[in-house]
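S.K.: Quick one: structure below, then a few questions.
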Amino acid sequence: MTRSQTEPQQKTESTSAGRAPDGPPQPHTADAVVVGAGYAGLSAALRLREHGLDVVVLEAASRVGGRVLSEERPSGPVVDHGGQWVGPTQKHLLALAGRFGCRTFPTWETGQHIEVWHDGSRLGYAGAAPADGPGIADYLRITALLDELALTVDIEHPWLTPRFAEWDGRSAETFFRAQSADPDTLARLALAVQGVWCAEPREISLFHVLFYIRAAGSYEQLMETRDCAQDRRFTAGAAAPAHAVAELLGDRVRLGEQVCAVQWHGSGVRVRTTAGTVVEARRAVVALPPPATRSIAFSPALPEPRSGWIAHSPMGRVAKVHAVYPEPFWRADGLSGIATLYGPPPVGVVFDNSPEDGSAGVLVAFVYGDRASAWAGLDQQQRRTAVLESLRAVVGERALRPADYTEKLWSDDEFAGGGYAAYVAPGGWGGYGEHGWREPAGAVHWAGTETATVWNGYIDGAISSGYRAADEIAAALAGSGALAGKHG
Ligand SMILES: Cc1cc2nc3c(=O)[nH]c(=O)nc-3n(C[C@H](O)[C@H](O)[C@H](O)COP(=O)(O)OP(=O)(O)OC[C@H]3O[C@@H](n4cnc5c(N)ncnc54)[C@H](O)[C@@H]3O)c2cc1C
């Protein structure tokens, strides 16, 4: 990897560039330029190399990984501030991790899980949900209905789904309220939407919820731990495979290169960064969350469906907080450390995020949606107190005295602007999906987890989206012009 701020004249191995004796810097040239070195951009570059194409990757931040950010804390454990889990059906991520020898281990979940309700009452349970908990019967009926409806989604061509316009025209909230008036059922459904999309039910298109369930395989796949999306974690942190890919790509990956302008036409692009680097290429892959694209001046302007799609794809609102203790003390009390909290505390969900060897006890707390916005408005001490009070409600008094505490508010992240992913607001799919979701604009191809058809919103989706965009480019440059598009 190279870093423009420290090595402004450094050339990438794969591109040609130089400085005329008395003139301005000459552009680098490559077959393809990739914007963004998250999992999507890195996977696109890897696949482009495998197609035998020259590539240069421009990454704004001083690190790779994007919405996956692993940090070894001074207190010992590695914490993942962003994406962390991998499930058994997430084949692209598992294959990439396996290729580079990145180990995983099962998520800690032995013991009793806890629900904390509005009135402070605690309910213990094992398995997916308490059999006779408040609002549970209607909740199970409605989520089974979501699964049934999701089966009709045409995942490759969502706009061909039979009730596409009807479902996209309404929010998840209007659907839930039409199904049940039980406040406890509605609280369960709201926390599910917050936990999966980091949004409120009023904000998200019902069709997007169904599309996403289909892309994951089922509602259960999204929600549960064992054999589902939250099945395993990475021993060395979830960024380990990304770092391995970046190392393989070497100085083709340039850090500290924020792309600010893209000139495009049918057969080429000219890309400029705020550091003054210019890359000319036959094709570009823009591998950013849709709203981040707004910081780039496209010339000519992007087609209207694409800009409309971006306008209807806001980022979720989430913060992830880790509290580190000398040991996972809750296990001795028969608790798993897994909990769901139905307000008013800021925290919505808690997991035991201790390291594989149990050398420390780590609780991770998720703060979502409206609760994240309100909590973000507090000062640092108030935020910490509020989160630790939530943890006390789950595992008791010792939660108040962590050895280490760290929080990451993704809405404040300069380049992500939120997380886990962008969701689609009501009307977004119907108004702009067919041509705005991922249809190339001339020589500009779109990657990023938001363009995936398998595990959309997840690391796995980011990887497959990079492969798909690279295959599109290989096909286009080979002269066929056909879209590969078989990787999700
Ligand atoms: C708190 C949180 C928890 C999550 N949990 C999970 C989980 O457990 N499992 C899971 O699978 N997924 C999870 N996710 C989602 C997962 O992290 C993302 O889906 C995935 O990392 C997205 O990858 P990407 O490459 O599409 O985008 P990104 O990772 O966002 O990559 C985009 C890259 O582009 C760079 N960039 C932005 N603007 C520019 C510019 N103008 N010029 C150059 N570079 C630019 C960014 O710095 C970034 O590196 C979580 C996400 C968050 C935030």
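S.K.: Dipole size in debye (nearest 20) for the chain around its Cα centre, Lys and Arg Cβ +1, Asp and Glu Cβ -1?
M.R.: 840
S.K.: I've got another one for you. Roughly how large, in nm² to one decimal, is the mean projection of the convex hull of the alpha-carbon atoms in the chain?
M.R.: For the chain, the mean projected area of the Cα convex hull comes to 22.2 nm².
S.K.: Below 8 Å between Cα atoms, with a sequence gap of 6+, how large is the relative contact order for the chain in percent?
M.R.: The normalised contact order for the chain reaches 24 percent.
S.K.: Please report the net charge: other residues with Cβ closer than 11 Å to the Cβ of Val424, K and R +1, D and E -1.
M.R.: Charge balance in the 11 Å sphere: -3.
S.K.: Positive end of the charge dipole of the chain (Lys, Arg +1 and Asp, Glu -1 on Cβ, about the Cα centre): tell me which of Cys198, Gly266, Trp437 has its Cα farthest that way.
M.R.: After comparing all options, I get Gly266.
S.K.: Cα atoms only, the stretch 344-407: Rg and Dmax in Å?
M.R.: 11.9, 36
S.K.: Relative to 2.2 N^0.38 Å, what does the C-alpha radius of gyration of the stretch 226-267 come to as a ratio? Two decimals please.
M.R.: Computed over Cα atoms of the stretch 226-267, the ratio equals 1.87.
S.K.: Local charge sum around Arg226 (other residues, Cβ-Cβ under 14 Å, Lys/Arg +1, Asp/Glu -1)?
M.R.: Taking every Cβ under 14 Å from that of Arg226, the sum is -4.
S.K.: Given the peptides 457-468, 181-192, arrange them by the average over their residues of other C-beta atoms within 10 Å, most packed first.
M.R.: 457-468, 181-192
S.K.: Quick one: grab the alpha carbon gyration tensor of the stretch 100-164, order the square roots of its eigenvalues as a ≥ b ≥ c, and give me rounded if a/c is under 1.5, else prolate or oblate depending on whether a/b is larger than b/c.
M.R.: Because a/c hits 1.5 or more and a/b fails to exceed b/c, the stretch 100-164 counts as oblate.
S.K.: Per the Cauchy relation, a quarter of the hull surface: what is the mean projected area of the convex hull of the alpha carbons in the stretch 136-223, in nm²?
M.R.: If I average the Cα hull's projected area over directions, I get 5.0 nm².
S.K.: For the stretch 136-223, what is the charge dipole size about the Cα centre, in debye to the nearest 20, if Lys and Arg each add +1 at the Cβ and Asp and Glu each add -1 at the Cβ?
M.R.: Taking the Cα centre of the stretch 136-223 as origin, the dipole is about 80 debye.
S.K.: Please work out the ratio of the alpha-carbon Rg of the stretch 156-276 to 2.2 N^0.38 Å and round it to two decimals.
M.R.: In units of the 2.2 N^0.38 Å rule of thumb, it is 1.53.
S.K.: Equivalent ellipsoid semi-axes for the stretch 401-472, as square roots of 5 times the alpha carbon gyration tensor eigenvalues: give them largest first, rounded to whole Å.
M.R.: 29, 16, 11
Just so you know, all these numbers are worked out from the coordinates, no wet-lab data involved. For clarity, every value in this text was computed on a predicted model and none was experimentally measured. All Cβ positions, even for glycine, are placed from backbone atoms using ideal geometry, and neighbour counts span all protein chains on display.
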